[in-house]
Amino acid sequence: MAESKDDKDNSKLASCDAYFETVQARKKLPHSLQETLTSAFGRIPASSFPKVPGGKVIEIEADTTVCHAVKVLSECNIMSAPVRNPDAGDGLDWKKRYLGIIDYAAIILWVLESAELAAVAISASTATAAGIGAGAVGAIGAVALGVTGPAAIAGLTAAAVGAAVAGGVAADRGVGKDAPTAVDSLGNDFYKVILEEEPFRSTTVKTILKSYRWAPFLPVATDGSMLSVLLLLSKYRLRNVPVIEPGKPDVKNFITQSAVVQGLEGCKGRDWFDCIAACPLSDLGLPFMSPDKVICIQSDELILEAFKLMRDNEIGGLPVVEGPKRKIVGNISIRDIRFLLLKRELFNNFRQLTVKDFMMTISSHENSKVMPPITCKSDATLGSVIHHLASKSVHRIYVVENQDDGVVGVITLRDVISCFIYEPPNLFDVYFDSSIKEVLEK
């Protein structure tokens, strides 16, 4: 029996609750300290948080093409941006002005979906012969009927294959079932199809937002509390929170997980921070993930398989490992998808491109060595982890026992933020509670 929408929403809420309950149960901090900190964050207005670099939030118009959006994100060195509705006019309602948030996670979903369609097109000789246009129309119809996310991917692929067969062109039975199978059928024509032929070339940010509500636009008012912001960035899994001034529709600030951890690093010397930062990871229950739950990618696997793992598990990065002991040799981040789209001349051997080849190619093009993975020992302090995350501008640190051993845990920005707060009973009012449910409806 298919799971209902309400059941899915409740399941995601339960997952958020379970995560945060685990965090609170494993922390060995004095309850009085946690209460004091939570109360303090509850009194700090969101307007007091430092503004984004340059003081102006980067926004992307909804009718911008996906490829141009990737260029904007890359050039501005940001992971995501609010998407503005060009048809909203000058009204004061932010719900009409902003459609959502575009980030690399949504772009990965689009690329993997497009890879499957492109494989069908290429296996049928050309995009036109395969009936990609008709396939896309069928998929758009599915989206209009409310089919989004993974279901939309299946619909798109099925529509494309169906169009190819209807057009009298034989399609490989294996093509379109999943990303790895599709990639095996890709050659140098992949970029020509995905970036130069329709419907891929004209795919807009608005189209992606309709299909993949990975990062909804959920703002906090300037007079809202930093506690609300921190809970959204930790318990409720948002990577960013827009800040809106009541009565005005424009985004005043854009608070990210990374910016919060950078801010924590700047709190060195304050008694409350130094007290928690001095704790060993074990006193905070870190890492929260058990070794058998750590998702890795072997260096000799295909790069699109790495992105597929991130998509399927809704995570932002993977440790790259080698050998039976899974020794860590690198890291692949969700934002690395930009290289496939912006540096396509580097990846003509797309079908054979492994994770290791991908990392080495980027390194040689950037005239730098392959960045070693950021790791720590299990007996490290929280302060040292925060320092590494902030100074290296990374989103996760991998826990290892010894240099030659495999990864035994992952500590993310979300985990770090969770160490400093808990959720008081009945914190969220009716509006905020409904907004959180909106986050989970994707």
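The values are calculated or read from the model by the stated rules, or taken from the named source; none is laboratory data. In this text, all values refer to a predicted model and were calculated from it rather than measured experimentally. With ideal geometry, Cβ positions are generated from the backbone for all residues, glycine too; neighbour counts draw on all protein chains shown. Keep in mind that these areas ignore ligands, DNA and RNA; they rest on the heavy atoms of the full protein, side chains included. Shrake-Rupley method; radii C 1.70, N 1.55, O 1.52, S 1.80 Å.
Kindly list, by first and then second residue, each pair from a residue in the stretch 7-32 that is loosely packed, with under 13 Cβ neighbours inside 10 Å to a residue that is modelled with pLDDT of 85 or more, limited to pairs with Cβ atoms under 7 Å and residues at least 6 apart or on different chains.
Pairs found: Lys28/Asp283.
Applying the selection to the stretch 234-257, what residues are more than 24 Å from Leu92 (Cα to Cα), at pLDDT below 95 and surrounded by 19 or more Cβ atoms within 10 Å (Cβ to Cβ)?
Listed by number, the residues that qualify are Ser234, Lys235, Tyr236, Leu238, Arg239.
Hey, does the stretch 119-140 have a residue that's surrounded by fewer than 20 Cβ atoms within 10 Å (Cβ to Cβ), within 22 Å of Asn253 (Cα to Cα) and either modelled with pLDDT under 70 or of a type in the set (Gly, Ala, Ser) (or both)? Working first, answer last.
If we filter the stretch 119-140 for residues that are surrounded by fewer than 20 Cβ atoms within 10 Å (Cβ to Cβ), which is where we start, we get 125-126, 128-129, 133-134, 137-138, 140.
Right, trim to within 22 Å of Asn253 (Cα to Cα) and you get none.
No.
Considering only residues that are part of a loop (DSSP other than H, G, I, E, B) and at pLDDT below 95, which ones fall in the stretch 377-401?
In the first step, residues of the stretch 377-401 are kept if they are part of a loop (DSSP other than H, G, I, E, B); the result is 377-380, 392-395, 401.
Once the filter is applied, which keeps residues that are part of a loop (DSSP other than H, G, I, E, B) and at pLDDT below 95, the stretch 377-401 yields Lys377, Ser378, Asp379, Lys392, Ser393, Val394, His395, Glu401.
Could you run through the stretch 262-301 and say how many residues are outside any loop (DSSP other than H, G, I, E, B), open to solvent by less than 50 Å² (accessible area, probe 1.4 Å) and among the aromatic types (Phe, Trp, Tyr)?
1
Taking the stretch 384-421 as the region of interest, how many residues are polar (S, T, N, Q) and within 16 Å of Cys296 (Cα to Cα)?
Quick first cut of the stretch 384-421, residues polar (S, T, N, Q) only: 384, 391, 393, 402-403, 412, 418.
Then keep just the ones that are within 16 Å of Cys296 (Cα to Cα); that gives 412.
Number satisfying all stated conditions: 1.
Kindly provide the set of residues from the stretch 302-332 that are in contact with a Leu (Cβ under 8 Å, 6 or more places away or on another chain) and open to solvent by less than 40 Å² (accessible area, probe 1.4 Å), ordered by number.
Ile303, Leu304, Ala306, Phe307, Lys308, Leu309, Met310, Arg311, Leu318, Ile332
Can you give me the number of residues within the stretch 229-261 that are within 26 Å of Ile411 (Cβ to Cβ) and touching a helix residue (DSSP H, G or I) at 6+ places or on another chain (Cβ under 7 Å)?
Matching residues across the stretch 229-261 total 15.
Among (1) in contact with a Cys (Cβ under 9 Å, 6 or more places away or on another chain); (2) modelled with pLDDT under 90, where does Gly285 come up short?
Condition (2) is where Gly285 drops out.
Applying the selection to the stretch 387-401, what residues are under 18 Å from Ala277 (Cα atoms), in contact (Cβ under 8 Å) with a residue 60 or more places away in the chain and open to solvent by 60 Å² or more (accessible area, probe 1.4 Å)?
Within the stretch 387-401, His387, Ser391 meet the criteria.
Here is a check on your reading of the model: is Asp404 at pLDDT below 85 and open to solvent by 50 Å² or more (accessible area, probe 1.4 Å)?
Details: at pLDDT below 85: yes; open to solvent by 50 Å² or more (accessible area, probe 1.4 Å): yes.
So Asp404 passes the test.
Given the stretch 1-113, what helices (runs of 4 or more DSSP H) lie entirely inside it while holding 1 or more residues that are of a type in the set (Gly, Ala, Ser)? Outline the logic, then answer.
On the way: elements: 5-26, 31-43, 66-75, 94-97.
Hits in the stretch 1-113: 5-26, 31-43, 66-75.
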